[in-house]
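A short worksheet on the structure shown next.
Nothing in this text is a laboratory measurement; each read-out follows from the coordinates by a stated rule. This is a predicted model, so every value here is computed, not measured. Here Cβ is always computed from backbone atoms with ideal geometry, including for glycine, and neighbour counts include all displayed protein chains.
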Amino acid sequence: MKHLLDTISLTRDDAISILDIAEEMTQVSEREVKKLPVLRGRTVVNLFFEDSTRTRLSFEAAAKRLSADVLNFSAKGSSVSKGESLQDTIQTISAMGADALVVRHAGSGTPHRLAHTGWIDVPVVNAGDGTHEHPTQALLDAFTLRRALGGFAASGAVKDGPRGRGLDGAKIAIVGDVLHSRVARSNVHLLANLGAEVHLVAPPTLLPWGVETWPVTLHYDLDEALHSEDYAAVMMLRVQHERMHESFFPNEREYARLWGLSAARLAGLPKETFIMHPGPMNRGFEISAAAADSPRALILDQVENGVSVRMAVLYRLLTGQEETND
Ligand code: NCD
């Protein structure tokens, strides 16, 4: 595995190896000194051409916990606003000595281009490209679910959890703006590959062309979807206003009424169904405060686990090792 560009081409073995390394990384994050010396002297460059809070901070924390040096680049305030091209920006960064690139870009496919154009020859990690994919988000979601559902080692032994089966056969509902969501795309492929049963719940206007070929069950009505299955988790998606250039639903109130995870819908779910959201949340819109703050919301676990999962990804890509020697 040279790069992490998407989950559609990530093998089940590589995915499980990342989740298993992340489990070990969690132990590092629980120590008083949260550091491993494994990437000492290596430089990770975070290239963010699009806004981000948690993903950028999470990659930075991950690289630092592995003792790497971190260079942070954000397009705002850089020479990109003076018209510098992507190629010149990358070659400048390469000349400064990068050992890995973490890239977020509004253009779907940009990380693939960086990995294959020959402008720079280091591992590339996709930190979200347009509406395409966000593989580390899906990995941290799978990690969070695997822990919450009790399947600690998907590769072998299954520990006792509330359901005790881990991801295998778990029904996961992903609800909302699937059309613009790289999180949904990455999760569909990864969760299906890890044995989960994925359900997409969205208005037809917010589903992408070709969704019929995805390994999912489709629902066009939230209440019908929530009553028809016993979900292990319901993952709400942010409505991505910044990517909407036309009208996809009548208005915000109507969306919240039909598609929001309200307190009443939360109350109607089985008690052991977990609630997830990749953040940032639009409270009162796609998710109510009652759901976001409920004890079964895994939203902060997702953020916390993001650091361990990104440590595992950087470790795999930069050391080539499939398990830690720690
Ligand atoms: C997501 C993203 O940027 O794709 N956020 C994140 O990385 N946690 C989801 C979103 O913006 O809605």
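What does the charge dipole of the chain about its Cα centre add up to, to the nearest 20 debye, if the Cβ of each Lys and Arg holds +1 and the Cβ of each Asp and Glu holds -1?
On the way: 33 positive and 41 negative charges, 131 e Å.
Approximately 620 debye in magnitude.
As a proxy for reagent exposure, ranking His105, His112 by other Cβ atoms within 10 Å from fewest up yields His112, His105. When peptides 201-210, 302-311 are sorted by average Cβ neighbour count within 10 Å, with the highest value leading, the order is 302-311, 201-210. For region 217-233, putting each phi into the Karplus relation 6.51 cos²θ - 1.76 cosθ + 1.60 with θ = phi - 60° gives couplings of 9, 9, 9, 10, 8, 5, 5, 4, 5, 5, 7, 7, 9, 9, 7, 6, 8 Hz, in residue order, rounded to whole numbers and with x for Gly and Pro. When all alpha carbon pairs of region 253-324 are counted in 5 Å bins from zero, the resulting P(r) reads 3, 15, 20, 16, 12, 9, 8, 8, 6, 2 %.
Please give the helix 299-319 orientation as an angle from the longest Cα principal axis of the chain, in degrees from 0 to 90, rounded to the nearest 10. Roughly 30 degrees between the two axes. Normalising by residue count, region 188-247 has a Cα convex hull of 106 Å³ per residue. Comparing the chain with the 2.2 N^0.38 Å rule of thumb, its C-alpha radius of gyration ratio is 0.98 (two decimals).
Is it possible to state the helix-based mean residue ellipticity at 222 nm for the chain, with each DSSP H run of 4+ residues giving -39500 (n - 2.57), the sum divided by total residues, to the nearest 500 deg cm²/dmol? What is it?
Details: 11 runs with 118 residues, N = 326.
So the helix-based figure for the chain works out to -11000 deg cm²/dmol.
Principal-axis analysis of the Cα atoms of the chain puts helix 86-95 at an angle of about 50° to the longest axis. Candidates Pro111, Ala196, Thr131 compared by Cα position along the dipole of the chain: farthest toward the positive end lies Pro111, with charges placed on Cβ.
Send over the Kirkwood Rh of region 117-269, from the inverse of the averaged 1/r over different Cα pairs, rounded to one decimal Å. Spell out each step's value before the answer.
Numbers: mean 1/r = 0.0602 Å⁻¹.
The Cα-based Kirkwood calculation yields 16.6 Å.
Just order 265-274, 171-180 by mean Cβ neighbour count inside 10 Å, highest at the front, would you?
Values: 265-274: 15.6, 171-180: 24.0.
Top to bottom by mean Cβ count within 10 Å: 171-180, 265-274.
Given N residues in region 191-321, what is Rg(Cα) / (2.2 N^0.38 Å)? Intermediate values should be presented prior to the final figure.
Numbers: Rg = 16.4 Å, N = 131, 2.2 N^0.38 = 14.0 Å.
The value comes to 1.17.
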